[in-house]
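Engineer: Following this message is one structure expressed as C-alpha cells.
The values are calculated or read from the model by the stated rules, or taken from the named source; none is laboratory data. Just so we're clear, the structure is a prediction, and the values are computed from it rather than from any experiment. Ideal geometry is used to build each Cβ from the backbone, glycine not excepted, and the neighbour counts take in all protein chains shown.
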Amino acid sequence: LQNPLWACAALVLASPAVADDGYRLWLGEGATTQARSGVEVRGESETLRLAADELRRNLPALSVPVVVARADDAALAGLRLDARSLGSEGYAVRRAQVAGREVLLVTGSVDVGVLYGAFALLRHINSGGDIANIDLASSPQTKLRILNHWDNLDGVVERGYSGQSLWDWWVLPDFKDPRYADYARANASIGINGTVLNNVNAKADSLTAPYIAKAAALADVFRLYGIRVYLSARFSAPIELGGLKTADPRDPAVAAWWKAKADEIYRAIPDFGGFLVKANSEGQPGPRDYGASHADGANMLAAAVKPHNGIVMWRAFVYADTDPEDRAKQAYTEFKPLDGSFADNVLVQVKNGAIDFQPREPFHPLFGAMPRTPLIAEFQITKEYLGFATHLAYLGPLFEEVLDAQTGVRRGETVASVVTGKADGHSLSGMAGVANIGRDRDWSGGTFNQANWYVFGRMAWDPSLSSEAIAREWAAQTFGNDPVVIDTVVAMMMRSREAVVDYTGPLGLAHLFATGHHYGPGPWVSDLARPEWNPVYYHRADRQGIGFDRTRTGSNAVAQYAPVLARRYADPKTTPPEELLWFHHLPWDYKMPAGNTLWEEMVRRYDRGVAEVDSMRSQWATLRPRIDAERWTKTDAFLGVQQREARWWRDASLAYWMSINGLPLPNGSAAPQ
Ligand code: GCU
C-alpha cells in the first residue's frame, strides 16, 4: 500500500458509501464486498456464473431465492417458457415455481440473455421497483448495438475528452487490465454487444499480427459478456502491409489479400464481428480512388468475412472537396443509387444527420431512401460539438428526436423503424455510438457524460424507450433513490441539450465551431482551404439575412426527403422553427409565428440558453447535501465553466451577427450592449 493509487483503490472497495468518484458508473450504489447467498445458478456456463455473481454482489436480501437459468434448462420445463418469445438475446424475470419452490427466476434464451436479465433485475430494484409482482421481459430491437472507439494505436482518442485510450496496446496481449472486464460489464448492463476497437481514421498497423493478438486478448475478456470485437479497416492495407501495387477492390490479388487477412483474424478471434470502413472520406483511401464504387469496396470485404459469418459496416459519411454540391447532399447522391447492390452481410452506416453530429440536425435523408440495404445509425456519444466533457448535455433527447422522426416514405415509418430493420424486413440492423470512454477514473470525463453512454445502449436496445424514462433510471442507479435528487437531476438533463443548441446555434444554424478542435464559437471563420469547412459556408449571413437555402431556389437538398417532407421543408412557414435556417435563407426581419422578428427570436434563444445553464447550476447547488462531495464538486465546477462559456458563445456570436446585420440588440436582451 505504499503506492497512493493502491491506497485509494482499497478505500473505495472498503467503503463504497463514503465516496464515489464515478468508477462504478450506474452499476449500483450498494455494491457490497460480502456476496449474498440465495442466488442459485443452473448450468455450467461462465456467463451464467457472471450473472449470478452480479446478483449476489448487488441485490439486497430478498424474501425468495433467485434462480438464474437458461430457458431450455430442464428445471424450467414445466413453465412452458417459449425461448423464441424471449427473442434471440432477450430475457424474462418473474416469480415462478421451479423444482417445487417459489423463486424469482432470471432467464433468457441464450446465456447472455440471462445476463441481461440479471442487469434488468438490478435496474428494476435500484430504480425503486419491488419483486412482489415483478414481470420483466424484453428483447433487443436491433441486432448490432455497437460502440465505435475512435482510439488510435498511440493511445490518443480522436475527439475523446476522458483521457487516453482504455486499450493499453503496449502491454497487451500479456496483461489484461481488470478494467476491461468492468468495461464489458458496464456495456452488458445496457445491452451493448459489439465494440470497434480502433479509430475509423484507421492505421493499417491495426491489422498486423501483433495487433490481432492484442485484439484477441480483449475479445477473450469481452466474449463472456456477449460483446464481439470489430476492427476499423484501412482500405489501402493491401498496399501498406501486403506490398501490392493497388487496393482496387476488383483486382483478384486484392480480394485474396483481404480473404487471407480475414482468415488470419478469425483464427485468433473465432467470433470476430467484422470490419468498419471509412472510405473516400476526409482523405481516407477507398474504392473511388480506382474508379470503383463504394459497393464494390464493401462487397469485396464482405466476401472475405462471409465464410466466418462476419459483417461489414460501410460508412456513408462522404463528401469531397472537389464537389461543389451542398455537402449535406453528397452522401445521398453517392449512396442512394447503390441501394440494392450491397452484399447481404453489409450494412451502410449513416450518421444521424447529413453534416456532422451538430447539436441539432434534421435526420439524414438516407434513412428511408435505401430500403434494400440495412442501415446502421451512427450517433456521437462523445460531445465533439456539445462542449466536450465539461458542458452538461444529455443526449437522450437528441437520439430520441432522430429515432422518432417520420421519414415520410410510408405512413408510420420512422428512422427507428428503418434502423431496427422492421420497415423493410431486414434481419441485420443496428445502432453505433462513437464512444466517450477513456482512462479517466470516471470513464467519461464527468458523471453526466456517463448518462450519454447509458442512454445510447438503452435506446439501441429499444429505440421506443423515452429519453426521460432512461434519464430517470440512470439517475436512480447513479445517485441512489432520493426522489429530490432524481427529480432535480432529470429536470436538468432533459433541458440541457436544448440549452446547448440555444447558446451555440439556435433555429437550425449549424457548423459554427472554431477551427479544428471544435470547442467554442467561430461563425466568422472563412479562410479554410476547403470551403465546406468554413462556418460562413453554412450560415451565409449577409446584411439582408441568414441561413442556408436548401429549397429549389438554393441547393434543393429538401428534394432528398420523401415528398411530404420535401413540401414541408420547402416552405419556411411549415418548417419547424428548430430547423428553419438549416433549410432557408431568411431576412433578419422575417416574422416568426409569435410575431417577433427572426433577429429578435435568435437573440431570445441565445439568452434562453444562457439562462438555462444558470438555472442548472443553481439547481445543482441545492443538491449539495445529498450527493457525495467528489461528484458534486466536479459537476459544480464544470457547470461553472459552462456558465462562462455559454456567455462566450452568445456574446461572441451576437457581436458577429451584429457586425453583419447592423442591428441593435432587442430590448430586454441580457447580452452585453
Ligand atoms: C468528424 C470528426 C472527425 C472524424 C469524422 C468522422 O468530422 O471531426 O474527427 O474523423 O467526423 O466521423 O469520420
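Engineer: Quick one: how many residues across segment 484-521 are among the small types (Gly, Ala, Ser) and either touching an Asp or Glu at 6+ places or on another chain (Cβ under 6 Å) or within 14 Å of the ligand (Cβ to nearest atom) (or both)?
Structural biologist: Here the count works out to 5.
Engineer: Which of the residues belonging to segment 116-160 are within 16 Å of the chain's Cα centre (by Cα), within 16 Å of the ligand (Cβ to nearest atom) and of a type in the set (S, T, N, Q)?
Structural biologist: 148, the sole residue that qualifies.
Engineer: Does residue 209 satisfy the condition of being away from the ligand (no atom under 16 Å from the Cβ) and in contact with a Lys or Arg (Cβ under 9 Å, 6 or more places away or on another chain)?
Structural biologist: no
Engineer: Moving on to the next point. Does residue 598 meet the test of being crowded, with 16+ Cβ neighbours inside 10 Å, modelled with pLDDT of 95 or more, of a type in the set (A, V, I, L, M, F, W, C) and under 28 Å from residue 519 (Cβ atoms)?
Structural biologist: Judged against the criteria, residue 598 is a match.
Engineer: Further, regarding this structure: Within segment 275-286, is there a residue that is more than 16 Å from the ligand (Cβ to nearest atom), under 27 Å from residue 338 (Cβ atoms) and either modelled with pLDDT of 95 or more or part of a helix (DSSP H, G or I) (or both)?
Structural biologist: Within segment 275-286, not a single residue is more than 16 Å from the ligand (Cβ to nearest atom), under 27 Å from residue 338 (Cβ atoms) and either modelled with pLDDT of 95 or more or part of a helix (DSSP H, G or I) (or both).
Each row is one residue, and each column tells you yes or no for (1) within 18 Å of the chain's Cα centre (by Cα); (2) within 20 Å of residue 286 (Cα to Cα); (3) among the aliphatic types (A, V, I, L, M); (4) within 16 Å of the ligand (Cβ to nearest atom).
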| residue | (1), (2), (3), (4) |
| --- | --- |
| 332 | no, yes, no, no |
| 335 | no, yes, no, yes |
| 345 | no, yes, no, no |
| 357 | yes, no, no, yes |
| 360 | yes, no, no, no |
| 367 | yes, no, no, no |
| 391 | yes, no, no, no |
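Engineer: Still on this structure, I have one more. So which pairs qualify, if the first residue must be in segment 267-290 and in contact (Cβ under 8 Å) with a residue 12 or more places away in the chain and over 21 Å from residue 430 (Cβ atoms), the second must be assigned to a strand (DSSP E or B) and within 14 Å of the ligand (Cβ to nearest atom), the Cβ gap must be under 9 Å, and the two must be at least 6 apart or on different chains?
Structural biologist: Close Cβ pairs satisfying both conditions: 284/277; 286/277.
Engineer: Could you say which residue among 47, 32 is modelled with pLDDT of 95 or more and surrounded by 11 or more Cβ atoms within 10 Å (Cβ to Cβ)?
Structural biologist: 47
Engineer: Hey, another quick one. Can you name the residue in segment 299-327 that is within 16 Å of the ligand (Cβ to nearest atom) and buried (at least 17 other Cβ atoms within 10 Å of the Cβ) and, of all such residues, is modelled with the lowest pLDDT?
Structural biologist: In this case the residue turns out to be 319.
Engineer: Checking the structure you have, find out if any residue of segment 393-402 is assigned to a loop (DSSP other than H, G, I, E, B) and either farther than 23 Å from residue 504 by Cβ or of a type outside the set (A, V, I, L, M, F, W, C) (or both).
Structural biologist: The answer is yes; a qualifying residue exists.
Engineer: Of 214, 245, which residue is of a type in the set (D, E, K, R), away from the ligand (no atom under 16 Å from the Cβ), in a loop (DSSP other than H, G, I, E, B) and at pLDDT 95 or above?
Structural biologist: After applying the criteria, what remains is 245.
Engineer: Taking only pairs six or more apart or across chains, which ones have beta-carbon atoms under 6 Å, a first residue in segment 146-160 that is under 20 Å from residue 192 (Cβ atoms) and assigned by TED's automatic domain parsing to the domain that holds residue 453, and a second residue that is within 14 Å of the ligand (Cβ to nearest atom) and basic (Lys, Arg)?
Structural biologist: Pairs that qualify, where the first residue is under 20 Å from residue 192 (Cβ atoms) and assigned by TED's automatic domain parsing to the domain that holds residue 453 and the partner is within 14 Å of the ligand (Cβ to nearest atom) and basic (Lys, Arg), are 150/159.
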